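Below: one structure, written as structure tokens.
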Amino acid sequence: MRKVILSIFFLLPLSLAQANQMCDKKRQLSISLDDFTINDDNTITDHQTGLMWKRCLEGQKGKNCQNDKAQSYTWSKAFEYAKKHKFATYSDWRIPKRKELASIIEHQCYLPAINSTLFPNEQGSFVWSSSQLDNDMYKIWTVYFKYGVDIAKDKDYIFHVRLVRDLD
């Protein structure tokens, strides 16, 4: 019993250290803040891709996404939610495609792998895309923002959602 308690004690500092974003300053930034505008309505305009993003994961609120907890959805529930969602006077929000979601990964950082100025309070979680795996209709591409990698997962998993819309 003593060994188990001791092991848990030694793992605690590691877990706490993972709560802070880590960035390798030797690597070039993959996201330039000059390409983005943070709008007053808690959205972000990406001038390179022509997309508008919600700053917060669904469920989070506040200027820095500090209020409330990010909600999780199955893939089909995420789609239903996006179709009905209205935010900042827009009603054409959608689940981003795999490449769109990957475009906001900050490859210089991990824990989470996203620009925290643009997307504050990111959980480093799995986030749904709308892209299905080519050879498996039951798997959908996700982005795991803890490390900035895309991974195919079953549609029945429950993950976070970050909505996007086209500017035109």
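A few notes on this one:
- All positions within the stretch 125-168 that are touching a Phe, Trp or Tyr at 6+ places or on another chain (Cβ under 9 Å), within 26 Å of Ser91 (Cβ to Cβ) and in contact (Cβ under 8 Å) with a residue 60 or more places away in the chain: Ser125, Val127, Ile140, Lys155, Ile158, Phe159, His160, Val161, Arg162, Leu163, Val164, Arg165
- Hits in the stretch 104-124 - residues which are polar (S, T, N, Q) and either without any contact (Cβ under 8 Å) to a residue 24 or more places away in the chain or surrounded by 18 or more Cβ atoms within 10 Å (Cβ to Cβ) (or both): Gln108, Asn115
- Leu57 touching a strand residue (DSSP E or B) at 6+ places or on another chain (Cβ under 8 Å) and either touching a residue at least 60 places away in the same chain (Cβ under 8 Å) or aromatic (Phe, Trp, Tyr) (or both): yes
- When residues in the stretch 77-123 are screened for being within 11 Å of the chain's Cα centre (by Cα) and among the aromatic types (Phe, Trp, Tyr), 1 of them pass.
- Scoring Asp68 on the criteria (1) surrounded by 15 or more Cβ atoms within 10 Å (Cβ to Cβ); (2) out of contact with any Asp or Glu (no Cβ under 9 Å at 6 or more places or on another chain) leaves a single failure, condition (1).
- Check on Thr142, closer than 24 Å to Ser30 by Cα, crowded, with 16+ Cβ neighbours inside 10 Å and within 16 Å of the chain's Cα centre (by Cα): yes
- Considering the stretch 125-139, and only residues there that are of a type in the set (Phe, Trp, Tyr) and surrounded by fewer than 21 Cβ atoms within 10 Å (Cβ to Cβ), the residue that is modelled with the lowest pLDDT turns out to be Tyr138.
The values are calculated or read from the model by the stated rules, or taken from the named source; none is laboratory data. Predicted model, so just to flag it, every value in this text is computed and none were measured. Every residue, glycine as well, gets a Cβ built from its backbone with ideal geometry; the counts of neighbours run over all protein chains shown.
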